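Reviewing the structure listed below.
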Number of protein chains: 2
Amino acid sequence: MITDSFPPAVRVALPAGTMAFFMTQSPDKPSTKDAIIATAVDLFHRKGYYAASMSDIARGSGIHKAGIYYYFSGKEALLYGIMKRTMDDLLAHLKNSLADAKGVEASMRAAVRGHVEFHLRRQKQNFIANSELRGLSPAHYKAVVKQRDDYERIFQSLIRSGVDEGVFAAGDIKILSYAILTLCTAGAFWFKSSGRLSVEHIAAIYEDFVLKGLKDGTLKAIQRPNEA
Amino acid sequence: MITDSFPPAVRVALPAGTMAFFMTQSPDKPSTKDAIIATAVDLFHRKGYYAASMSDIARGSGIHKAGIYYYFSGKEALLYGIMKRTMDDLLAHLKNSLADAKGVEASMRAAVRGHVEFHLRRQKQNFIANSELRGLSPAHYKAVVKQRDDYERIFQSLIRSGVDEGVFAAGDIKILSYAILTLCTAGAFWFKSSGRLSVEHIAAIYEDFVLKGLKDGTLKAIQRPNEA
DNA sequence: GTCTATAGGAGGATAGAC
DNA sequence: GTCTATCCTCCTATAGAC
């Protein structure tokens, strides 16, 4: 029976690059369904959604392509499942990051750090979630965009609180939220877990960069008139 | 005769959304070649490189699909031409922005402002150049990545000068350059020219945000040890 | 320069055996 | 549950007429 359902959520959080995020049973023998999902994530990330074929995904999963349709109704269902679960987990991760933070500055630091860490640790899924929206059906597109908007609103309300309390400099809240989120999201595009710097170190750099950018400093251009 | 050659460069710089960037003759009647390029830019941006078919491009250009092969050797040649010219123009634009700036802070401000303005004014091409690299042949891929690296190096040497002179806070130069560039590039993904804010206003916000982030401020996390 | 026609292949998806 | 076989559509690219 085809359900298009994905295994509940993240059970284990292990180093990036493994299939661990998808496993629902023994790490030694992932279920066929988990193998399909993990392969799809890998191929959508490496080649892109359109360039990755169902045959590719089947080959990587150790089955033949017709077998995929026993678990999923089609290629788009696979894409949507990956994106939806990534957005679900992203939101849960943010709420978790914010749980212990007291005050607006500490909250923003926690939010930025959490956002960066999630994007670096689950690089492939986040890359897909940010670059393959056009592959979704209209209904699924709307659903994922709504998830993204809900997530962004949390950052926007943090910025607004900070500005109201005088902790952050005045500025355009939407533009600032886009700036902060895209800045941190972009890490998922170039980060190499084998590189010089750890996830935590990069998250700390971003945290400082964003906080300095938000606070009062050497303002000069905000009110600059349009130039010729 | 097929040459895959693109018209020399930017002749006219008019509002985004027009075909003006591609026109080499009268704005009233673009050449077939210019129409093909402009349509390809539009479709690669809206639907993605793989999802846009040669038939789509031909239809938008007012010819039939076989006609495209009179001007271009294939679909990939079209993609590469768009990307190469975008990167050429981007580099030229940066050099032009930097020409009059004196001192490292003013230079960085000019560079950021120029980068943002170019990305917002030529949104579609920059979106393509940043998201469709996987569609290129290996040789063309290498060529475009080299152009991008050359461009990044200019920002990196600006950051390095600023740090050496004590104008900017110490930090990881590569990470900072990626942060700055992806931050500003991301504007090409969400910017709407019909929106509330002008290109110049957004560029000014980004300029301040980046400069505050680079200068000394309320450092706290750079040396933080890894957390549990 | 642009068209019609078509080659040649690949991809998503289904039917039905095992 | 997974396989083999196949359908049907769509795509890039070419051939050759006009």
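The values are calculated or read from the model by the stated rules, or taken from the named source; none is laboratory data. Keep in mind the model is a prediction, meaning the values are calculated, not measured. Cβ sites come from the backbone with ideal geometry, for glycine too, and all protein chains shown count toward neighbours. Just the protein is used for accessible areas: all its heavy atoms, side chains included, with ligands, DNA and RNA removed. Shrake-Rupley method; radii C 1.70, N 1.55, O 1.52, S 1.80 Å.
Figures for the structure shown
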item: 5 angstrom amide H check on A:ASP216, placed H, neighbours 5+ away; result: A:ALA169
item: Inter-copy separations for A:LYS146, label at 7 Å along Cα-Cβ, nm, ascending; result: 4.9
item: Reachable aspartates and glutamates from B:LYS215, criterion Cα separation under 20 angstrom, eight or more residues apart if same chain; result: A:GLU105, A:GLU207, A:ASP208, A:ASP216, B:GLU105, B:GLU152, B:ASP164, B:GLU165, B:ASP172, B:GLU207
item: Dipole magnitude (debye, nearest 20) for chain B, charges at Cβ of Lys, Arg, Asp, Glu; result: 480 debye
item: Inter-chain shielding of A:167-176 (mean C-beta neighbours from other protein chains, 10 Å cut-off); result: 3
item: DSSP-assigned coil residues among trypsin sites (Lys or Arg not before Pro) in the range B:88-171, each with at most 13 further Cβ atoms within 10 Å; result: B:LYS102
item: Shielding by partners, peptide A:44-50 (average Cβ within 10 angstrom, other chains); result: 3
item: Accessible area of the protein assembly as shown belonging to carbon and sulfur atoms, whole % at 1.4 Å probe; result: 55 percent
item: Other-copy label distances relative to A:GLY103, 7 angstrom Cα-Cβ extension, nm; result: 3.4
item: Contact surface B-A: accessible area buried, both sides summed, square angstrom, 1.4 angstrom probe; result: 4200 Å²
item: Shape call, the range A:76-214: gyration tensor on alpha carbons, a/c limit 1.5; result: oblate
item: Kyte-Doolittle mean at least 1.6, axial Cα span of 15 Å or more - DSSP H helices of chain B; result: B:173-185
item: Cβ neighbours within 10 Å from other chains - mean over A:123-133; result: 1
item: Relative contact order (%) - the range B:75-214, alpha-carbon pairs under 8 angstrom, separation at least six; result: 36 percent
item: Copy-to-copy label separations for B:LYS47, where each label sits 7 Å from Cα toward Cβ, in nm and ascending; result: 2.1
item: Exposure rule at most 15 other beta-carbon atoms within 10 Å, DSSP loop GluC sites (Glu not before Pro): chain B longest free segment; result: B:1-164
item: Prolate/oblate/rounded call for the protein assembly as shown, Cα gyration tensor, a/c under 1.5 rounded; result: oblate
